[in-house]
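For reference, the structure is listed below as structure tokens.
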Amino acid sequence: LGDRGSMLRGLTTFSQPRLLAPDGVRFATLKSLKTRLVSVKSIQKITKAMKMVAASKLRGAQTRMEASRPFVLSSPAALKDALDTTEITGERVFVLPISSDKGLCGGVNSSVVKQTKLLINKLSAEGSKAEIFIVGSKARDALTRECGSLLVGNADECYQKPFSWGQAAVIADEVLSHDFDKLNIIYNKFYSVVRFEVTPIAYGTPVMLAGNEKLAAEFEVDEDEDSEMMHDLYKFELASRLFNCVLENSTSENASRMTAMDNASNNAKDMISKLQVIYNRQRQAVITTELNEIISGAESLWRSLGVGAAPTTSGDGTGPGRGCGAGGRGQSRVPPCAQAAAATASPARSHKRGRTGRRTAVDAARGVRRGRSRGPPQRARGQWLRARRMPAW
């Protein structure tokens with residue numbers, strides 16, 4: 001029976017509706033809601049400021065990006081054909097992902113990291129050896145855990161100042177210091193404020209330029225200076241491409257950050273409105289509870305004086321009438337504070353003035369003035385002041 005009784009008690013408890021919060025969960029209080037409102041409003045101010053900063057940076061980054069495109073578009077067709085790597089299957093592949101140094105910019109960095117991982121897995125399946133050189137700290141932090149053994153270098157803090165062609169030349173020198181058969185650049189290409197796409201670019205090696213007869217005939221290169229000049233030409237082409245790719249990625253970063261901060265500001269606005277509604281409802285519930293407690297206390301005080309039921313007065317204040325509960329039209333019940341004031345009036349003086357003295361005390365307790373030019377009679381005012389003195393019990 002003991003086990004059965006405990007089981008029945010458990011079933012009964014489980015079948016009953018759970019009115020309280022689950023274990024470990026507390027109801028939101030007014031103080032916690034107010035603190036939450038303040039914090040969300042502060043976050044909204046920060047996101048709005050970050051949106052404005054990103055918009056101002058986007059204008060300058062887009063101008064520099066558009067100025068860098070002629071460096072890439074003006075490359076001769078013979079050079080592009082010589083660096084075509086569609087038919088090259090090298091064993092050593094150099095991967096150069098371009099990311100940013102800061103976050104809160106949507107999927108700019110995550111998309112580059114994802115594309116880089118897919119490329120590394122594909123090269124591993126094909127049996128090729130990959131090396132990674134990263135531009136930006138975000139891609140470095142994301143790829144160090146899984147591809148740390150393949151990392152040969154990285155370039156951070158490239159966006160502290162506007163990216164220059166000299167910085168691109170330094171990165172190109174670092175890339176050319178490694179031996180590889182194929183070069184892959186992964187970056188975000190900017191199309192508009194709301195659109196950017198991850199774009200991979202494949203490049204060959206300087207050796208491919210040295211053995212290209214069409215390119216040598218177009219530039220009229222001597223055989224003695226062929227290798228050195230083609231190496232310099234490849235370095236210039238790679239630096240120009242890196243310069244454009246980094247600026248494209250920077251413009252996409254600022255555009256994505258502006259959009260992300262705009263969405264964050266709108267979400268904060270919706271959250272503030274919902275929290276404000278919950279706060280107002282709970283605050284109104286607290287006020288209603290306190291008013292009920294005050295009225296109940298006044299009713300208990302009236303009954304403790306032994307007078308009986310609380311008196312009522314008619315709507316015009318001329319005499320006793322039915323209360324609101326009795327269905328009287330235009331009639332209201334005397335407030336508990338006025339009832340207590342009328343109950344404590346001296347019987348010896350109240351019977352002389354009768355009903356008028358008590359009505360004056362009730363109106364005075366309500367805050368009603370009977371005229372602007374003159375106040376209540378002095379004798380009634382004195383009686384009301386004496387009525388406010390509570391007896392010692």
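Ranked from largest to smallest solvent-accessible area, with a 1.4 Å probe on the protein heavy atoms, Leu73, Leu150, Leu291 come out as Leu73, Leu291, Leu150.
Within the same chain, lysines fewer than 8 places from Lys182 are excluded, and of the rest, those with a Cα less than 28 Å from its Cα are Lys80, Lys114, Lys117, Lys122, Lys129, Lys138, Lys214, Lys235. What the phi angles of the stretch 157-171 give under the Karplus curve with 6.51, -1.76 and 1.60, with θ = phi - 60°, is a coupling list of 6, 7, 10, 5, 10, x, 5, 10, 5, x, 5, 5, 5, 5, 5 Hz, glycine and proline written as x. If R0 equals 56 Å, the separation of the Cβ atoms of Ser42 and Val207 corresponds to a calculated FRET efficiency of about 0.45. A cut-off of 5 Å between modelled amide H atoms, ignoring neighbours fewer than 5 places along the same chain, links Val95 with Glu131, Ile132, Phe133, Asn184.
At full extension, Glu293 and Glu91 could sit 64.3 nm farther apart than now, given 0.36 nm per residue minus the alpha carbon distance. Extension gain for Val152-Met52 works out to 32.3 nm (0.36 nm per residue, less the C-alpha to C-alpha distance).
Modelled label positions at Leu301 and Glu228, each set 7 Å beyond Cα in the direction of Cβ, lie 10.6 nm from each other.
The values are calculated or read from the model by the stated rules, or taken from the named source; none is laboratory data. Source: prediction; values computed, not measured. All Cβ positions, glycine included, derive from the backbone under ideal geometry; neighbour counts span all protein chains shown. Keep in mind that these areas ignore ligands, DNA and RNA; they rest on the heavy atoms of the full protein, side chains included. Shrake-Rupley method; radii C 1.70, N 1.55, O 1.52, S 1.80 Å.
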